[in-house]
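The values are calculated or read from the model by the stated rules, or taken from the named source; none is laboratory data. Quantities reported herein were computed from a predicted structural model and do not represent experimental measurements. Neighbour counts run over all protein chains shown; Cβ positions are idealised from the backbone, glycine included.
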Amino acid sequence: MSNYRNTILLLKKDFSLIAILFAGILFIPAAAYKINYLAFTSFLIGFTAFDLLGFKHTLDFRDGVPRIAYRIVQTSFQIIFTALIYVLFGWQTAAACLIAWWFTACDVLYYLLGKYPFPPKDYPITWLNWSVLGVIRLIVPSAFGRFKINTLSFIIAAVIGTLTGIVIILYL
């Protein structure tokens, strides 16, 4: 009974475990019946939950620098998951997953699934240089200085990326 109770407490404390199980369970009917929008949803939830588990447990809190080994494992997981989606569902679904990810959908889900508060409205978000927002920040000049990634642009990009992914799945 003690192990059961501990498991329940762990699942309540760390929602990412439930999310990764849910993503895995969601992927089964998606693969069995070739339901690409379930695969898309499974990718977004699964990759985000993997990130929640991995990043949280590999962060060196003494200096705040994530371990490089985790990023290698995370990228490998993403490549394998995307390749599996490509093989099972085609390039459209794989592209939809990567576009939603690149447009920060998984990062917004990270905050939601991890139950973290979003950064304050005008707080500069500096860790999204790899995303579409980082590219915009580099190439688009602004009349008021460089484009700054903030919470609003972060969430808007995620919505645009998710909707773009859905459109790709439904119409291509």
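Between a residue in the stretch 38-57 that is under 14 Å from PHE77 (Cβ atoms) and any residue that is outside any helix (DSSP H, G or I), which pairs come within a Cβ distance under 7 Å, given they are 6 or more apart or on different chains?
Listed by first residue and then by second, the contacts come to LEU52/GLY114; PHE55/PRO66.
Kindly indicate whether any position in the stretch 93-116 is touching a residue at least 12 places away in the same chain (Cβ under 8 Å), touching a helix residue (DSSP H, G or I) at 6+ places or on another chain (Cβ under 9 Å), on the phi > 0 side of the Ramachandran plot and of a type in the set (S, T, N, Q).
Among the residues of the stretch 93-116, at least one is touching a residue at least 12 places away in the same chain (Cβ under 8 Å), touching a helix residue (DSSP H, G or I) at 6+ places or on another chain (Cβ under 9 Å), on the phi > 0 side of the Ramachandran plot and of a type in the set (S, T, N, Q), which makes the answer yes.
Checking LEU98 against (1) in contact with a Gly (Cβ under 6 Å, 6 or more places away or on another chain); (2) among the aliphatic types (A, V, I, L, M); (3) under 15 Å from ILE166 (Cβ atoms): exactly one of these is not met. Which one?
Looking at each condition in turn, LEU98 falls short on (1).
Which pairs turn up if I take residues in the stretch 158-170 that are farther than 20 Å from ASP107 by Cβ and look for partners that are surrounded by 15 or more Cβ atoms within 10 Å (Cβ to Cβ) with beta carbon separation below 8 Å, at least 6 apart in sequence or on another chain?
Sorted first by the residue in the stretch 158-170, then by its partner, the pairs are ILE169/ASN36; ILE169/TYR37; ILE169/PHE40; ILE169/GLN92; ILE169/THR93; ILE169/ALA96; LEU170/TYR37.
Give me the residue from the stretch 31-46 that is among the small types (Gly, Ala, Ser) and farther than 16 Å from ALA95 by Cβ and, out of that set, nearest to the chain's Cα centre (by Cα).
Here the residue is GLY46.
Do the conditions hold for TYR70, that is, is it of a type in the set (Ser, Thr, Tyr), closer than 27 Å to ILE149 by Cα and modelled with pLDDT under 95?
It is true that TYR70 is of a type in the set (Ser, Thr, Tyr), closer than 27 Å to ILE149 by Cα and modelled with pLDDT under 95.
In the stretch 86-172, which helices (runs of 4 or more DSSP H) lie fully inside it and hold 3 or more residues that are of a type outside the set (Lys, Arg) and buried (at least 18 other Cβ atoms within 10 Å of the Cβ)?
By residue number, 91-102, 105-113, 151-171.
Looking at SER16, SER42, can you tell me which residue is under 25 Å from GLY165 (Cα atoms), crowded, with 20+ Cβ neighbours inside 10 Å and modelled with pLDDT under 85?
SER16
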